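First, the structure itself, so that you have it in front of you.
The values are calculated or read from the model by the stated rules, or taken from the named source; none is laboratory data. Just so you know, these numbers come straight off a predicted model, no measurement behind them. So basically every Cβ, Gly included, is an ideal-geometry build from the backbone, and we count neighbours across all protein chains shown. We work out accessible area using only protein heavy atoms, side chains counted, and drop any ligands, DNA or RNA first. Shrake-Rupley method; radii C 1.70, N 1.55, O 1.52, S 1.80 Å.
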Amino acid sequence: MSAKGTVWPSERKTESDRLTGLEVTQLTHYKAHSHHLYFTENGWYDGEQRLLMISDRGNSTNLYSLHVESGLITQLTDYKDVDKLDACLLPDGSSAFVKIGRRLIRLDLNSLEEKLCYEAPEGYHLGNANATADGRFVITCVQEDLSHRIRLDLGNGYVGHRELMEAAPHSMIVRIDAQAGGGEKIYEENQFITHINTSPKEPWLMTFCHEGPWHLVDHRIWGLDLRTGGVWKIRERLESSEKVGHEFFYPDGVTIGYHGFRANGTNFFGSIRYDNTGVEETEFGFDTWHGYADGLGQVVVDGKGAVKTLSLWRKIDGVYDGPRILCELRC
C-alpha cells in the first residue's frame, strides 16, 4: 500500500533563542535528516501556507509538504531505498519536479500523480533544476560522469572537486517542456557546470556557474539568454585569487546577490544587475557562507567556521548597518 498522502502529526517546537531571546520555531523533530530544497529554489506554495521539504523517514528519502501553521506534514512520494533526491516547484505551485538519479519526474501536488519528464543520457549526472518564471519550462544541467577516472565524493568534503574542474567534463544546459516533457539542449561546453538558477521574473534569463574551487575556477557566475543561447560573464574577478559565489536572484529577477572573499581574506556581500551595472559591495569582519536579500534593503546571512549565528544586515541611508544577530545557528 502506498504511503502517498500519509499525514504525519505536527512536530513543531517553539523556544526562545539563548543568545537573543527571540522566538524560534523548530518545524521537524524526526530522528533523521529533514531539509528544505536547494538554497536558490523556492519551496513555498498554496498561498505560502505550505513548504516542500525532503526527509529520510522510514529509511528512505522522500518529498513532503509541511503546513506551516498547523505543523502537519503530508508525504508526497513513496520511493523505496532512495538516499538522495531534490526537487523544484512550478511558480503556480501546481507541480513539483523531483530529481532521482538521472530522472526528473513531474509530481502533481493535488493528485500526487507522477510522470517521467526527462532522463539524462547514459554516462551523465543530472544537476539541479529550476522552472522559468512563466512556468512553461524547467531548466536543468547534465555533466559527464568521470567517476571512473576520478575519485569523487562531492557531498562529503568535496573530494575530487578540483580534479573534476581540471578534467573539464562535457556539460549541457537542457530546457524541458513542463507539460509535455522531453529535453532540448540550450548550451554546452567542456566545463564543470552546476548551480542552474532561473530568474523569478524574466522567463528568458538565468545564471549558471563554472564549478570548482572559487579562487581557481576561470570564472564563477555566468548569464544565459534562453531566447538566443548567448552567455556572458557576470561580476568579473577584480583581483587574483578573489573568491565570489553562492549567487542568487533578488525578488526583482534582474539583480543578483553573492558573497565573497578578497585576496586578503576579507569577507564581502554584493549585488549586481545581470548586465553588470549597479554593483554594490559591503565588506564585513566575520565569516559567512550563504545570504538572502529581499530587495528592500535587508540581507540575512549565515555563518561558517567560528561564526555560528544567523545575522541580519539592514540598509540605512544607503549604508548596510549590522550585523544584528537573529539567533544561534550551529550548522
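Enter the accessible area per residue of segment 194-331 (Å², integer; probe 1.4 Å; all protein chains in place).
Accessible surface, normalised per residue, equals 44 Å².
Let me ask you something else. What ³J(HN,Hα) values, in whole Hz, does the Karplus curve 6.51 cos²θ - 1.76 cosθ + 1.60 give for segment 208-220 when θ = phi - 60°, with x put for Gly and Pro?
Values, residue by residue: 8, 10, 8, 7, x, x, 4, 7, 10, 5, 4, 6, 8 Hz.
So what's the back-of-envelope 222 nm ellipticity for the chain, counting only DSSP H runs of four-plus at -39500 (n - 2.57) apiece and dividing by all residues, rounded to 500?
-500 deg cm²/dmol
Can you give the Rg/Rh ratio of the chain, where Rg is from the C-alpha atoms and Rh is the Kirkwood radius?
0.95
Of 116, 107, 22, which is the most mobile in a GNM of the chain whose springs link Cα atoms less than 10 angstrom apart?
Its mean-square fluctuation being the largest, the pick is 22.
Let me ask something additional. Return the whole-Å distance between the Cα centroid of segment 184-250 and the Cα centroid of segment 117-175.
The distance from the Cα centre of segment 184-250 to that of segment 117-175 comes to 14 Å.
Report the local net charge at residue 193: Lys and Arg +1, Asp and Glu -1, summed over other residues whose C-beta lies under 11 Å from its C-beta.
That works out to -4.
Follow-up question, since we're still on this one. If you average 1/r over all unlike Cα pairs in segment 120-200 and invert the result, what Kirkwood radius do you get in angstrom?
That comes to 13.4 Å for segment 120-200.
Within a Cβ distance under 15 Å of residue 57, other residues only, what is the Lys/Arg minus Asp/Glu net charge?
That works out to -1.
Something else about it: Sort out for me the Cα centre separation of segment 262-306 from segment 1-25, rounded to whole Å.
30
Given the options 102, 18, 175, state which has the largest fluctuation in a GNM of the chain using a 10 Å cut-off (strictly under) for Cα springs.
18
Now a separate question. How much of the calculated P(r) for segment 223-331 lies past 22 Å, in percent of all Cα pairs?
33
Hey, in the GNM for the chain with a 10 angstrom Cα cutoff, which one of 138, 299, 98 fluctuates hardest?
299
Name the long-range amide H neighbours of residue 178: under 5 Å, sequence gap of 5 or more, or other chain; modelled H, no Pro or chain starts.
Residues meeting the amide H criterion: 137, 138.
Using 26 Å as the Cα-Cα cut-off, could you pick out the over-long pairs in 31/115; 31/308; 80/185?
Where the Cα-Cα span goes over 26 Å, the pairs concerned are 31/115; 80/185.
Taking the Cα centre of the chain as origin and charging only Cβ (+1 Lys, Arg; -1 Asp, Glu), how large is the dipole, in debye to the nearest 20?
480
Considering only protein heavy atoms and a 1.4 Å probe, what is the carbon-and-sulfur percentage of the accessible area of the chain?
48
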